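Structure, as structure tokens:
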Amino acid sequence: MTKIGVLTGGGDCPGLNPVIRAAVRKSLNEGYEIIGIKNGWKGLIENDIISLKLESVSGILPKGGTILGTSRTNPYKKEGDLQKLKDNYKKLGLDALIATGGEDTLGVATKLIKDGITNIVGVPKTIDNDLSTTDYTSGFDTALNTAMECIDKLHTTAESHHRIIVVEVMGRHAGWIATEAGIAGGADVILIPEIPIDIEETCELLKKRHARGKLFSIVVVAEGAKFKEGTMITQEEKLDEFGHVRLGGIGETLGQEIEKRMGYETRVSVLGHIQRGGSPTAFDRILGTRFGVRAVELVKAKKFGRMVALAGNKIIDVPIEEAVSVLKTVDMDLYEIAKVFFG
Ligand code: F6P
């Protein structure tokens, strides 16, 4: 009997449970056995697994997070981990592995394929939406809607108090959440990692608003944005196993700079992990469901080394390697549309 393992790695997001549920339901329909690997690649290193039955996935569709747990474990980091992972993969007798993750988790999948664990199928997820070859990643839509709702709430208080509110959203290398939540929430300026911040230009835009009688403004900034001649602002220098720093703080610095330069009362709101929580939107539930089902179909067709992806409204499959080789940064045509509403 075909035996499939499924794991979720990297930062969690709403939409992972729909993927797991769909992969389990489709596998069982096919007469396959499916097991869950706990906490991403860590579970394969430690042989931490659970069996997945129909009851295991009952009621999880609307739940955020992942019933399998996740971690930012990189099996290529610590001496001996890769061998343990390979041994466990063999011991478990897996015919295929469904790896659900972003650039890091799927980057590991790419390496493992080259290192002999070839039967991997990828599922893209990340609230950052920065994986190439897919129009959307699982979790992005929910994070986007959460950020938009927060911007809506901040709007009313900014207006009542005649303040500028800087909203810092997630987005490490790409400003998808900032751009789309900014457009949806009617932001007056949107600052993203792709375009270095020109503080003078930002203040000019805000002055323009004030000059036409709008005494409040919303500035959305992605955590990975940096000033023209600056570096990214981090919370600590420590790197995670994939070499990432913990971002956060650009909002505060930006807010202080705006207040200093303009003399307008400015407040800062950092949305942080709120964007990664909560119940997935209908879009993410449907996308996760389609991704999960298609991932098992790829296993059935023995199309390994492939990742499920969304192209327009169609689910396609692409090489995992292609998805992680370049980051999908914000479409500048979309940013130009956002700019129409600046100032
Ligand atoms: O995985 C994406 C992400 O949400 C980034 O936007 C953010 O920089 C990072 O994860 C935060 O990671 P952690 O939860 O480990 O602090």
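The values are calculated or read from the model by the stated rules, or taken from the named source; none is laboratory data. Worth saying up front: this structure is predicted, and the values here are computed from it rather than measured. In this analysis, Cβ positions are derived from the backbone assuming ideal geometry, glycine residues included, and neighbour counts consider all displayed protein chains. Heavy atoms of the whole protein, side chains included, go into the accessibility calculation; ligands, DNA and RNA do not. Shrake-Rupley method; radii C 1.70, N 1.55, O 1.52, S 1.80 Å.
Annotation note: trypsin sites (Lys or Arg not before Pro) in the range 290-343 located in DSSP loop regions with a Cβ neighbour count of at most 16 within 10 Å are Lys302, Lys303.
Working note: Karplus 6.51/-1.76/1.60 with θ = phi - 60° gives the range 206-223 the couplings 5, 4, 4, 5, 4, 4, 9, x, 8, 8, 9, 8, 10, 10, 9, 10, 7, 4 Hz, where Gly and Pro are set to x. Projected label points at Ile60 and Lys228, each 7 Å from Cα along the beta carbon direction, are separated by 5.0 nanometres. Can you give the percent of C-alpha pairs in the range 87-216 whose distance is more than 24 Å? Here the tail beyond 24 Å accounts for 47 percent of pairs. Modelled this way, with points 7 Å down the Cα-to-C-beta line, the labels at Glu201 and His244 are 2.7 nm from one another.
Histogrammed with a bin width of 5 Å, the alpha carbon distances of the range 140-277 distribute as 2, 11, 21, 25, 20, 13, 6, 2, 1, 0 percent, first bin at zero.
Stretching the chain fully between Glu79 and Ser325 yields a gain of 86.1 nm (0.36 nm per residue, less the alpha carbon separation). Here each label is just a point 7 Å from Cα along the line to Cβ, and for Thr118 and Asn313 those points are 3.8 nm apart.
For the set Met232, Met1, solvent exposure ranked by accessible area (probe 1.4 Å, protein chains only) runs largest to smallest as Met1, Met232. Surface analysis of the range 280-336 yields an accessible area of 48 Å² per residue, using protein heavy atoms and a 1.4 Å probe.
How big is the gap, in Å, between the Cα center of the range 1-15 and the Cα center of the range 303-343? Between the Cα centres of the range 1-15 and the range 303-343 lies a distance of 21 Å. For the pair Ser132 and Asp152, a Förster radius of 25 Å applied to the C-beta separation gives a FRET efficiency near 0.20, rounded to the nearest 0.05. Taking each residue as 0.36 nm, the span from His210 to Met1 lengthens on full extension beyond its C-alpha to C-alpha distance by 68.4 nm. A probe of 1.4 angstrom, applied to the heavy atoms of all protein chains, finds Lys228 with accessible area near 120 square angstrom. Over all Cα atoms in the chain, the spread is summed up by Rg and Dmax: 21.3, 71 Å. Trypsin sites (Lys or Arg not before Pro), restricted to the range 54-107: which are DSSP loop and have at most 16 other Cβ atoms within 10 Å? Filter output for the range 54-107: Lys63, Lys77, Lys78.
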